[in-house]
Amino acid sequence: MAFPENFAWGAATASYQIEGGAYENGKGRSVWDAFCRWPGKVYAGDTGDVACDHYHRYREDVQLMAEIGLQAYRFSISWPRVIPEGVGLVNEAGLDFYDRLVDALLENHITPWVTLFHWDYPESLYHQGGWMNRDSVCWFADYAAVVVERLSDRVTHWITQNEPQVFIGLGHALGIHAPGLRLPDADVLLITHHVLMAHGMAVTAIRDNAKSEPLVGAAPVGIIKMPVDESDENVEAARLATFSMEDKLWNNVWYADPMILGHYPEEGVKMFGADMPELHDGDMEIIHQPLDFYATNIYHGDTVRAGQDGGWEPVAPQTGPPLTMMNWRVEPEALYWGPRFLYERYQLPIVVTENGLANTDWIHLDGKVHDPQRIDFTTRYLRAYKRAIDEGVEAMGYFHWSLMDNFEWAEGYSRRFGLTYVDYQTQERVLKDSAYWYSEVIESNGASLDA
Ligand code: FCB
């Protein structure tokens, strides 16, 4: 079962989770640098100060990618490494780092997919109100222009922001991620509005400044509902649920509808009522920019069935479900229904920009890292993705999360998502069994998944 020609097989990371070098060569601080120092917020007091030391070891890491045979690599740029105060002075040393990384990737025939924002927001802008400040829209667009000016002669694939639901929800509503705020709905909605406008302005900044034809998208987290069976009414219930506003934070439509359809969903506008932000003339036009693909991060889904009056209702998970180390249920079908529903609604080619699992990995007595769960998990998910593609979903690629074990936010280093094992004491990298397995998948363009 070969995947489409030109399908990009990759792996993903994010700057704060792997780079380290947190205080080097002129880098400014991000809200994550500060958050990790807040006692009790991160597992075992872990920080990203050193992380995988990728800032110094990127060449070795690109060699790992080459060994696996990756065709594409998704990474993010640390905004405060490039612009230490978030606005104004540009840190050339920071840009140089990404410049060298991009060159190393291209030398190894690996296509860079650059995410402009994967949560390490400049601390000094946070002190000026952060995303609550309407100026944040221009701050982000100016930063985007600086990066694009420097890298776009070689970089063509751009993602504006990673998972707005998560950095807004966990970071600004629930206090679990940086900057650790627990704001009321009206503030969260204002922040969301600015984040969406920043996305739109960044898309424009990319297109205006790019030196080679850019492909641009955003990467919301996929909130996927799956039908209990494939009867028409249950499929329709799952479709309705996937695009509902049932949860004010964990939904697709509050983010993707404005970006792609040009308006906030009516259901949410009604629900939020007086908490709705004031929309200025032209705001929605700024948010609503043409995109080239729909990037989505999908790890799991929830099962639903048709409810009363044409609605839907949740179906309780089975007792004792298969779980990953994040306690997330293993739900391969999410990679069928997610791409299918998202493609139907938004009519953009799909890219799965993250999928994977935290597993109980360690170096075994034979010196290898055996991770059969990761192989089984990914086989199941990729088969489901392939089914969606066979049924007509246009798909551009798949990025496994993650290239290597890394700093898993509030969980610190206690969760291992990598195809590569990282010994944080020595910084030694060991390719896990899954990395060798993934090589074959890539080599055969997916045909080995049938075996
Ligand atoms: C996603 C994040 C990514 C990683 C995975 C496990 O929500 O985008 O950085 O932490 O989850």
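The aspartates and glutamates whose alpha-carbon is closer than 15 Å to the alpha-carbon of LYS41, local same-chain residues fewer than 8 away aside, are ASP33, GLU408, GLU411. Need the C-alpha centroid separation for region 209-234 versus region 77-123, integer Å. Value for the Cα centre distance between the two parts: 26 Å.
Residues of the chain: accessible area per residue at 1.4 Å, in Å²? Intermediate results must be reported in sequence, preceding the final value.
Values: 16880 Å² over 451 residues.
Counting only protein heavy atoms, the per-residue value for the chain is 37 Å².
First check a/c for region 349-430, with a ≥ b ≥ c the square roots of the eigenvalues of its C-alpha gyration tensor; if it is under 1.5, answer rounded, and if not, answer prolate when a/b is larger than b/c or oblate otherwise. Note, shape of region 349-430 comes out prolate.
What share of the DSSP beta bridges in region 8-450 is antiparallel, in percent to the nearest 5? If you can, show how the numbers build up before the last one.
Values: 10 of 45 bridges.
The antiparallel proportion sits near 20 percent.
In terms of its alpha-carbon gyration tensor, region 19-61 comes out oblate; a/c meets the 1.5 threshold, while b/c is at least as large as a/b. Do any of LYS27/LYS368; LYS225/LYS386; LYS225/LYS270; LYS225/LYS248 go past 27 Å between their Cα atoms, and which? With Cα atoms farther than 27 Å apart: LYS27/LYS368.
In region 380-424, the portion of solvent-accessible area held by carbon and sulfur atoms comes to 36 percent [1.4 Å probe, whole percent, DNA, RNA and ligands not counted]. Once backbone amide H atoms are built at 1.01 Å from N, HIS157 has VAL114, LEU215 as its partners under 5 Å, excluding neighbours fewer than 5 places away on the same chain.
The Cα trace of the chain gives Rg and Dmax of 20.8, 64 Å, the first to one decimal, the second as a whole number. Sequence-ordered 3J(HN,Hα) estimates for region 408-421 from the Karplus curve with 6.51, -1.76 and 1.60 and θ = phi - 60° stand at 8, 6, 5, 8, x, 8, 7, 10, 10, 9, x, 7, 10, 7 Hz, glycine and proline given as x.
As an equivalent ellipsoid, region 1-157 spans semi-axes of 27, 19, 15 angstrom, where each value is the square root of five times an eigenvalue of the C-alpha gyration tensor, largest first.
Between amide H atoms placed 1.01 Å from N, distances below 5 Å from VAL351 occur with TYR294, ALA295, THR296, MET396, all of them 5 or more places distant or on a separate chain. For HIS400, nonlocal amide neighbours, meaning residues 5 or more places apart or on other chains whose placed amide H falls under 5 Å from its own, are GLY10, ALA11, ALA12.
The values are calculated or read from the model by the stated rules, or taken from the named source; none is laboratory data. What you see is a predicted model; the values in this text were computed from it and never measured. In case anyone asks, the SASA skips ligands and DNA or RNA and just uses the protein heavy atoms, side chains included. Shrake-Rupley method; radii C 1.70, N 1.55, O 1.52, S 1.80 Å.
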